[in-house]
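What follows is one structure encoded as structure tokens, with my remarks underneath.
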Amino acid sequence: MNDSTQKKSWWQRLKGGLSRTSSSIGTAITDLVSKRRLDAAAIEELEEVLIRADLGVAVAAKVAAAVGEGRYDKSVTADEVKTIFAAEMEKILAPVAQPLVIDGSAKPFVILVIGVNGSGKTTTIGKLAAKFSAEGRRVMLAAGDTFRAAAIEQLKIWGTRTQAPVIASTAGADAASLAFEALTAAKAQAIDVLIIDTAGRLQNKAGLMGELEKIVRVMKKVDASAPHAVLLVLDATVGQNALSQVEEFSRVAGVTGLVMTKLDGTARGGILVAIAAKHRLPVHFIGVGEGVDDLSPFAAGDFARAVAGLDG
Amino acid sequence: MFDGLSERLSGILDRLTRRGALSAADVDAAAREVRRALLEADVALDVVTGFITTLKERAVGVEVIKSVTPGQMVVKIVHDQLIETLGATADPIDLNAPAPVAIMMVGLQGSGKTTTSAKLAKRLTEVMKRKTLMASLDTRRPAAMEQLAVLGQQVGVDTLPIVAGQTPVQIAQRAIQAGKLGGYDVVLLDTAGRITLDDAMMAEAAEVRRAAQPHEVLLVADALTGQDAVNLAKSFNERVGLTGIVLTRIDGDGRGGAALSMRAVTGKPIKLMGTGEKMDGLEDFHPTRIADRILGMGDIVSLVEKAAATIDAEKAARTAERMRKGQFDLNDLREQLEQMTKMGGLGGLMGMLPGIAKMKNQMAAANLDDKLLKRQVAIINSMTPRERRNPDLLKNSRKKRIAAGSGTRAEDINKLLKMHRGMADMMKAMGSGKRGPMAALGNMMGFGGGMPSPEEMQKLAEKMPGGLPPGGLPGAGGLPPNMPGLPKMPGGFPGLPGLGSGKLPPGFPGLGKKK
């Protein structure tokens, strides 16, 4: 699903990140296993290593237990442990690694992008627009973040970069009516993909979540099957709160898939493993930088190996 | 924020306080649960480990065994340790330097730097009366500079004119220059979001720091951050050098672990916290109050401060006077209800009250939300002025009319009237001059008129969480699920629990039983 050059670029970034992070899992495991045999205390420490990667207490315990199974009191090499780790996590992640399929029969195919403030929605939309344009699709963007200052301008700049028309209103306008307009316009202009930006909102703000619900409801008046995809954008640095984000946003807007951004930092995004274990939502893309091409399909094996700190 | 952690911890600690004697095994079991609660709240692992080690040492040691109520002793140890981890004293923004004082904001992408800059600028201008200039050094993200300019207009703070093509260092120098020439007291530098692994970007931040010589370098960090909070804070501190931390999105439903970790890892104080989308959603960070909130002890001091800031002193004094004379009518009640709404409604108030975390679910089940306040105001609004002054007029036919007018039922009106009567009686009793912590609070709320002084506030703080036996978390013992349904009001301000009184009669108006 991804060619080797593309894979290499983000793969190297992930590895680069690990090599410079002293607390990375890779080093931690190496330190741990080279010192002693695999006993209960060692398993517990392995568990802690996973907690550090934001896997959460429950999932970390599960994965660590799986590693210990049948290997008690055996001497193992660091690489062996890492491989087992990666395999365990891949087992959890593989079912959710699904590409975002654009259904050609839906015209336009509507993608609604949601998330908490600062998770990287607008940047992700810019990258998605570039990707779909490159695939020869006609893309339109809707600047639905009418709350944050200059969010509309930010999306317009992305529109210029990717040569996608941008439907925008003024700051403070009703996001739902903008979505309605954009969908109507996209239909009229035979657009293939319409991507709708939304204002960042915390999932415990009932009023703002109600507004999101309205956006979805209003769109259905133009096209009962819209939105065809609802992408929740998660920031890799987020902790256990991501679980609550997934739950709340799914309840209100019917999330169909996840995008994880900012994986080019020191954060490993281990929370994805916890989310996959609990919610089985597809993970479509990962963001690894601010450039227009820094969006890669999610590959379970690679991701698991990166979290476990395995080289190539 | 903090509610989740608060709920978990008070549950664990409650079980302990009920026991007479504690064995090492009891403490161990509790420590394991505390560890898990902290980890699920995203507190950094190293911090948790240190926390638990100290907890065990102290808890198993002499301290606990000799104390009469070992369980309560453990609660006190956890409380003390939370404060230690968060930093003992509040550490506000320091402006004690020759003008223009430069403040530099750094952080990851999307952590809330620009919004926080604008909030801080608004606060510096309006509250601290400093002439402030903001400048965006974000030359990367599209429209970032425009964002700050728009926000500047919104909050009425000047921003440095945008000149295309300048480097961040050049902009910083231009901002300082403009600050000097324009007679500004403070220059706020909002920098681009950067990841700590990007050497070039980190070097750039360090260079800006050298060029601008900021008096404060604040790391803006998202309170929803997971375990990476540690790496983040460490790297920024090592590479750029920090003087403090601002935690944003405290109003989310995360559990605030980052707050506990960052201070512990960097040794730098958390100075401010962002508490909402509105431009005045920025508060000083008070470690002891947060620790109290985490342990479900409430945050009475913040509540009183908030009351002092929101309540119209004159109006309050007038109401108080009327109360003393026994003239508390429905107009006065309406005013009080409206004031509660202004202070953040039931939800906002509840969050700061002792022992409430545990009752949140019951409250949700009982449908106790802010609609209740609105509905009660609506009932009063549907009365004639004469009826409001003289509720005794209200007979059946009038009640029917009012019910129709306000979209409620006659029984709702009865409930409101009963509550009003109860309050009026209480007022008279209060007016006759009983003394005690509640009367002191009554004074602050307007009975004596005037705002509480900081010393008074401090006294009250001492009387409150500290003065309570640690295990006797008010509400933990005294507030069984039958909490709704008591219309009794202990004080002159609806919504404040009987401070210090063991029973904590809930004072929420109209917590009539809902079916």
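The values are calculated or read from the model by the stated rules, or taken from the named source; none is laboratory data. Note that the structure is a prediction, hence the values are computed from the model and not measured. Because the Cβ atoms are built from the backbone with ideal geometry, glycine has one as well, and the counts that use them run over all protein chains shown. When the accessible area is computed, the model is the full protein with side chains, heavy atoms only, and any ligands, DNA or RNA have been set aside. Shrake-Rupley method; radii C 1.70, N 1.55, O 1.52, S 1.80 Å.
Where in the range A:38-157 are there helices (runs of 4 or more DSSP H), lying fully within it, with 1 or more residues that are more than 22 Å from the chain's Cα centre (by Cα)?
Details: elements: A:40-52, A:57-68, A:78-93, A:121-134.
It comes to A:40-52, A:57-68, A:78-93.
Would you call B:M297 assigned to a loop (DSSP other than H, G, I, E, B), modelled with pLDDT under 70 and either open to solvent by 30 Å² or more (accessible area, probe 1.4 Å) or aliphatic (A, V, I, L, M) (or both)?
Numbers: assigned to a loop (DSSP other than H, G, I, E, B): yes; modelled with pLDDT under 70: yes; either open to solvent by 30 Å² or more (accessible area, probe 1.4 Å) or aliphatic (A, V, I, L, M) (or both): yes.
Criteria met by B:M297.
List every residue pair whose Cβ atoms lie under 8 Å apart, where the two residues are 6 or more positions apart in sequence or sit on different chains, the first residue falls within the range B:255-266 and is away from every other protein chain (no Cβ under 12 Å) and farther than 12 Å from B:L45 by Cβ, and the second residue, located anywhere, is aliphatic (A, V, I, L, M) and open to solvent by 20 Å² or more (accessible area, probe 1.4 Å).
Note: no pairs meet the criteria.
Quick check on this structure: which one of A:G118, A:G136, A:G159, A:G104 is open to solvent by 10 Å² or more (accessible area, probe 1.4 Å) and within 14 Å of another protein chain (Cβ to nearest Cβ)?
Details: A:G136 fails: within 14 Å of another protein chain (Cβ to nearest Cβ); A:G159 fails: open to solvent by 10 Å² or more (accessible area, probe 1.4 Å); A:G104 fails: within 14 Å of another protein chain (Cβ to nearest Cβ).
Of the residues listed, the single one that is open to solvent by 10 Å² or more (accessible area, probe 1.4 Å) and within 14 Å of another protein chain (Cβ to nearest Cβ) is A:G118.
So, in the range B:169-197, of the ones that are out of contact with any Pro (no Cβ under 6 Å at 6 or more places or on another chain) and hydroxyl-bearing (S, T, Y), which residue ends up modelled with the highest pLDDT?
Once the filter is applied, the top-ranked residue is B:T191.
Considering the range B:76-116 alone, what residues qualify as being more than 14 Å from chain A (Cβ to nearest Cβ), assigned to a loop (DSSP other than H, G, I, E, B) and not aliphatic (A, V, I, L, M)?
Matches in the range B:76-116: B:G87, B:T89, B:D91, B:P92, B:D94, B:N96, B:P98, B:P100.
Based on this model, can you work out whether B:R194 counts as within 14 Å of chain A (Cβ to nearest Cβ), open to solvent by 30 Å² or more (accessible area, probe 1.4 Å) and in contact (Cβ under 8 Å) with a residue 24 or more places away in the chain? If you could, list the steps in order and put the result at the bottom.
Details: within 14 Å of chain A (Cβ to nearest Cβ): yes; open to solvent by 30 Å² or more (accessible area, probe 1.4 Å): no; in contact (Cβ under 8 Å) with a residue 24 or more places away in the chain: yes.
Criteria not met by B:R194.
With respect to A:L231, is the statement that it is within 14 Å of chain B (Cβ to nearest Cβ) and closer than 25 Å to B:G110 by Cβ true?
On the way: within 14 Å of chain B (Cβ to nearest Cβ): no; closer than 25 Å to B:G110 by Cβ: yes.
Taking the combined requirement at face value, the residue does not satisfy it.
Tally time: how many residues in the range A:139-180 are charged (D, E, K, R) and either at pLDDT 95 or above or more than 25 Å from A:A106 (Cβ to Cβ) (or both)? Even if it seems obvious, please write down each step before you answer.
Initially, the range A:139-180 is screened for residues charged (D, E, K, R), giving A:145, A:148, A:153, A:156, A:161, A:174.
Pick out the ones that are also either at pLDDT 95 or above or more than 25 Å from A:A106 (Cβ to Cβ) (or both) and you get A:148, A:153, A:156, A:161.
Residues that pass the stated criteria total 4.
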